[in-house]
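Student: Quick one: the structure is below, and I'll ask about it shortly.
Derivation of every value follows stated rules applied to the coordinates shown; laboratory data play no part. The structure presented is a predicted model; accordingly, all values stated were derived computationally and were not measured. Every residue, glycine among them, receives a Cβ derived from its backbone with ideal geometry; neighbour counts consider all protein chains shown.
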Amino acid sequence: MSLPVSPLAPAAFPQMPALTGVTFAAHACGIRYKNRDDLLLMVLPANTTAAGVFTRSKCPSAPVDWCREALKKGKARARAVLVNAGNANAFTGEVGAASVARTVAKAAEVIGCAPEHVFVSSTGTIGEPLPDARITENLDTVFAKAMAGGDESGDWQKAAAAIMTTDTFPKGATRQATIDGVTVTINGIAKGSGMIAPDMATMLSYVVTDAALPADVLQALLTKATDKTFNCITVDSDTSTSDTLLLFATGTAGNKPVKDAADKRLKAFKAALTEVLLDLAQQVARDGEGASKFIEVRVTGAESARAAKRIAMTIADSPLVKTAIAGEDANWGRIVMAVGKAGEKADRDRLAIRIGGVEVAAKGRAVEGYDETPVVAHMKGKEIVLEVDIGLGKGKATVWTCDLTHGYIDINGSYRT
């Protein structure tokens with residue numbers, strides 16, 4: 001099914017600076033789709049360090065199981081990433097694990113590395129055996145393509161496009177920072193459109209930096225940045241079985257070693273990494289299946305930051321809130337409903353709600369005589385801001401989502417057929 005590009009998509013894919021030793025190849029293997037690339041091979045330099053964050057689903061896919069173990073067995077080192085679209089290889093039992101073993105073994109053979117240094121991901125339909133022979137029989141060709149190519153912006157875009165399923169546009173982000181005066185680059189790609197909710201809401205995302213960072217530092221930075229970014233988006237409140245976020249550091253920039261994630265020399269790098277992850281996360285929300293509006297939910301005055309985030313996510317996940325926004329209806333009563341059901345402390349008579357910066361409700365009732373004209377105009381736009389002050393404490397949180405339209409039903413009602 002060919003889908004129109006989301007009206008919330010960025011104007012263009014970003015220009016991605018080159019990263020020494022990082023090469024890609026995208027290939028059409030016919031795993032499910034026809035006449036499009038559905039396999040990505042990313043080859044990384046020797047001694048690249050790795051970190052990962054994965055789904056908290058109790059029914060994870062076989063590739064997720066492999067990646068978790070690979071981080072341990074391979075001592076957080078990486079040489080390659082192999083990703084297929086069209087089949088999630090999830091809920092496939094021993095057959096799925098065997099598919100992963102075969103693809104990893106072949107990839108390790110052609111690259112010349114240990115199997116535990118190959119990371120794999122699969123995305124697509126759940127419950128169908130992965131036709132892994134279509135991958136393994138093409139890997140020699142794919143590797144040759146990767147070695148023949150350079151690291152150019154077009155490669156990153158092709159890589160992002162190859163891992164798409166119901167996505168309507170490829171997602172990429174890049175930033176630069178300095179460590180001890182040495183400029184380092186962070187490039188990332190992601191895929192995701194539906195089955196998007198925290199724990200952790202990354203779907204599939206691969207981020208590479210040329211900074212020299214040990215694996216334990218990399219993991220600490222990734223975990224913290226994920227909580228501020230991918231774990232603050234939702235499309236439909238459903239957590240994927242395949243969610244995978246991997247961060248790699250090639251070390252080719254040549255900065256001085258950093259042994260502690262709290263090192264002040266990493267301040268700029270931390271900010272840049274968070275910006276890359278937030279950019280990718282927001283692109284996922286902007287590509288929510290059937291989305292027509294991008295929504296930012298800001299909660300302040302909660303009892304704690306944790307409470308604020310739970311309230312914000314409850315608002316963002318509410319089908320009634322999301323459909324009201326799709327219909328351009330400033331129905332703040334639905335926001336009150338969501339606050340009340342979040343399970344966190346709230347006081348009806350202290351609650352205040354703003355839509356597009358205009359206070360519409362306060363002190364347990366509608367604001368008498370508020371001007372609805374700017375609110376109506378705001379609801380007709382593509383960027384919607386909802387602000388809720390709980391009035392109880394200093395806890396605050398911001399999350400991002402999209403509206404819920406009939407397009408979501410159309411896409412998901414016909415996904416397998």
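Student: Starting from the Kirkwood Rh over alpha-carbon pairs, what translational D in µm² s⁻¹ does the range 294-413 have by Stokes-Einstein at 37 °C and 0.692 mPa s?
Tutor: 230 µm²/s
Student: Turning to a different aspect of this structure: Around residue 121, under 13 Å between beta carbons, what's the net of Lys plus Arg minus Asp minus Glu among the other residues?
Tutor: Details: positive: 68, 191; negative: 38, 65, 243.
Residues near residue 121 contribute -1 overall.
Student: May I pose another question? Hey, can you grab everything whose amide H is under 5 Å from the amide H of residue 184? Only 5+ residues off in sequence or another chain; H modelled, so Pro and N-termini drop out.
Tutor: 177, 178, 179
Student: From the residues 125, 336, 305, which one has its Cα farthest along the dipole of the chain in the positive direction, the dipole being from +1 and -1 charges on Cβ of Lys/Arg and Asp/Glu about the Cα centre?
Tutor: The one lying farthest along the dipole's positive direction is 305.
Student: What is the extension gain from residue 125 to residue 394, computed as 0.36 nm multiplied by their sequence separation minus the C-alpha to C-alpha distance, in nm to one decimal?
Tutor: 92.5 nm
Student: Right, here's the next one. Give the aspartates and glutamates reachable from residue 270 as a straight Cα distance under 18 Å; neighbours fewer than 8 places away on the same chain don't count.
Tutor: Correct list for residue 270: 180, 210, 216, 227, 260, 279.
Student: Quick one: order 110, 207 by neighbouring beta-carbon count within 10 Å, fewest to most.
Tutor: 110, 207
Student: Now for a separate question. If we count other beta carbons within 10 Å of each Cβ, what is the order of 337, 42, fewest first?
Tutor: Listed from fewest to most nearby Cβ atoms, that is 337, 42.
Student: Let me ask something additional. Quick check: the distance between the Cα centres of the range 72-112 and the range 320-344, to the nearest angstrom?
Tutor: 42 Å
Student: Just name one of 33, 358, 162: the one whose Cα is farthest towards the positive end of the charge dipole of the chain (beta-carbon charges, Lys/Arg +1, Asp/Glu -1).
Tutor: Looking along the dipole axis, the top candidate is 358.
Student: Explain nothing, just the number: dipole magnitude of the chain about its Cα centre with +1 on each Lys and Arg Cβ and -1 on each Asp and Glu Cβ, in debye rounded to the nearest 20.
Tutor: Here the chain has a charge dipole of around 840 debye.
Student: Quick one: check the C-alpha center-to-center distance for the range 243-267 versus the range 277-296, whole angstrom.
Tutor: 27 Å
Student: Which shape class applies to the range 1-149: rounded if a/c is under 1.5, otherwise prolate when a/b exceeds b/c and oblate if not, where a ≥ b ≥ c are the square roots of the Cα gyration tensor eigenvalues?
Tutor: Working: a/c = 1.32, a/b = 1.05, b/c = 1.26.
Here the range 1-149 falls in the rounded category.
Student: Also: Go ahead and run the numbers for FRET between residue 34 and residue 65, Cβ-Cβ distance against an R0 of 45 Å, rounding to 0.05.
Tutor: Result of the calculation: an efficiency of 0.95.
Student: For the pair residue 323 and residue 259, how long in nm is the line joining their label points, each one 7 Å along Cα→Cβ?
Tutor: About 5.9 nm separates the two model spin labels.
Student: While we're here: Sequence neighbours fewer than 8 away in the same chain don't count; with that in mind, list the aspartates and glutamates whose C-alpha is under 15 Å from residue 341.
Tutor: Correct list for residue 341: 317.
Student: Give the order of 111, 325 when sorted by the count of other beta carbons within 10 angstrom, beginning with the fewest.
Tutor: Lowest to highest Cβ neighbour count: 111, 325.
Student: Pairs 171/380; 224/264; 75/106: which exceed 23 Å Cα-Cα? Let's see the in-between values first.
Tutor: Details: 171/380 26 Å; 224/264 16 Å; 75/106 21 Å.
Among 171/380; 224/264; 75/106, the Cα-Cα distance tops 23 Å for 171/380.
Student: Now, a different point. Does the chain come out rounded, prolate or oblate, given a ≥ b ≥ c as the square roots of the eigenvalues of its C-alpha gyration tensor, rounded meaning a/c under 1.5 and, failing that, prolate meaning a/b above b/c?
Tutor: It is prolate, given that a/c is not under 1.5 and a/b is the larger ratio.
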